[in-house]
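Report on the following structure.
Bear in mind that the values in this text are calculations on the coordinates, not laboratory data. On a predicted model such as this, the values are computed, not experimentally measured, just so you know. With ideal geometry, Cβ positions are generated from the backbone for all residues, glycine too; neighbour counts draw on all protein chains shown.
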Amino acid sequence: MRVVVLLGAPGAGKGTQAQLLAGRLGLVHVATGDLFRAAVRSGTALGREAGAYMERGALVPDELTLRILFERLEAPDASAGVLLDGFPRTLAQAEALDAALAERGSRVEVAPLIEVPEKELVTRLSGRWTCRADGHVYHALANPPRLAGVCDVDGSELYQRDDDRPETVRARLASQLGALTEVVDHYARAGVLVRVDGRRPIEAVTADLLTALAPAGRSRSAVG
Ligand code: AP5
């Protein structure tokens, strides 16, 4: 099973890039944030529990996160390979993923890190609009839809996520950036981390990621 892990702080552009890249790479886009939001909408016990953490901008406990992620990886469409977005978020999640993949004779192939300064993350999250039907992502200034409030891809309504309120954005960054550093260090030690400058326009970041994901690009990029 091919596994690519897209890393970055909240608002770095993981979801935007994963939607552009997954099809081109022949991988299925799996985002734990999307899985949790679907569980919240369905009103499952797991969704109710996870939703309480998400509302505060805190990480959902590892046990719940691993349960929802591994259940998704068992689905037939994931067997060829996945582009993980928003997972792993803690060292324990990264180690659990390594162990599960080792059992299948596999490992994380590459872990690109989209790097964006903290101040820019706040601007991005507060201007983000998300499509109700399939999570397509826009930004009021950097990436506006053709028609305000309507998704270019599927015509569904665009909404602002509850956790994009300024106070929750600050809580997300404060509580999640430390754990991200541990995950980044983990993949640097494993020799699969590739750093990508996320401050550039969306298409330029996509091009850099495609280069980073190609085996030749990986050996040229700054790893670690
Ligand atoms: P999740 O949905 O994963 O949120 P996140 O990591 O906080 O990431 P975002 O979706 O906010 O940002 P992104 O990097 O995808 O950026 P985007 O592409 O949208 O998680 C939500 C919550 O669920 C978490 O807070 C936690 O509670 C829980 N959770 C999820 N996974 C978990 C896990 N593994 N463990 C524990 N808890 C978990 O872009 C942002 C904006 O910037 C958009 O408006 C976009 O248009 C714009 N933009 C993108 N690229 C550019 C660019 N190059 N230039 C200018 N603007 C850009």
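Remark on residue 81: its backbone amide H falls under 5 Å from those of 2, 28, a criterion applied only to residues 5 or more positions apart or on other chains, H modelled at 1.01 Å from N.
Rounded to the nearest whole Hz, the Karplus-based 3J(HN,Hα) values (6.51 cos²θ - 1.76 cosθ + 1.60, θ = phi - 60°) of the range 95-101 follow the sequence 5, 5, 5, 4, 5, 5, 6, with x at glycine and proline.
Taking the Cβ of each residue in 114, 68 as the centre, tally the other Cβ atoms inside 10 Å and list the residues starting with the fewest.
Working: 114 22, 68 19.
Result, fewest neighbours first: 68, 114.
Could you work out the Rg to Rh ratio of the range 1-99, with Rh taken as the Kirkwood radius (inverse of the mean 1/r over all Cα pairs)?
Values: Rg = 13.1 Å, Rh = 13.8 Å.
My calculation of the ratio gives 0.94.
Mean-square fluctuations from a GNM of the chain, with a 10 angstrom spring cutoff on Cα atoms, peak among 170, 128, 24 at 24. Its relative contact order, with pairs defined as Cα atoms under 8 Å and 6+ residues apart, puts the chain at 28 percent. Taking amide hydrogens as placed 1.01 Å from N in the peptide plane, the amide H of residue 194 sits under 5 Å from those of 111, 113, each at least 5 positions away in sequence or on another chain.
Counting beta carbons within 10 Å around each of 159, 53, 187 and listing the fewest first gives the order 159, 53, 187.
Going from the fewest other Cβ atoms within 10 Å to the most, the residues 54, 1 appear in the order 1, 54. Couplings 3J(HN,Hα) for the range 150-161, derived from phi with the Karplus relation 6.51 cos²θ - 1.76 cosθ + 1.60 (θ = phi - 60°), are 10, 5, 4, 7, 10, x, 7, 5, 9, 9, 9, 5 Hz, where x marks Gly and Pro.
Using the Cα centre of the chain as the reference point, and only Cβ charges (+1 on K/R, -1 on D/E), how large is the resulting charge dipole? Debye, rounded to the nearest 20.
So the magnitude is around 380 debye.
Ranking 106, 173, 158 by Cα position along the charge dipole of the range 96-182, where only Lys, Arg, Asp and Glu carry charges on their C-beta atoms, puts 158 farthest toward the positive end.
Mind giving me the FRET efficiency for residue 185 and residue 146? R0 is 25 Å, r the Cβ-Cβ distance, nearest 0.05 is fine.
0.05
Here the 3J(HN,Hα) profile of the range 30-40, calculated from phi with Karplus coefficients 6.51, -1.76 and 1.60 at θ = phi - 60°, is 10, 10, 5, x, 5, 4, 5, 4, 5, 5, 5 Hz, Gly and Pro shown as x.
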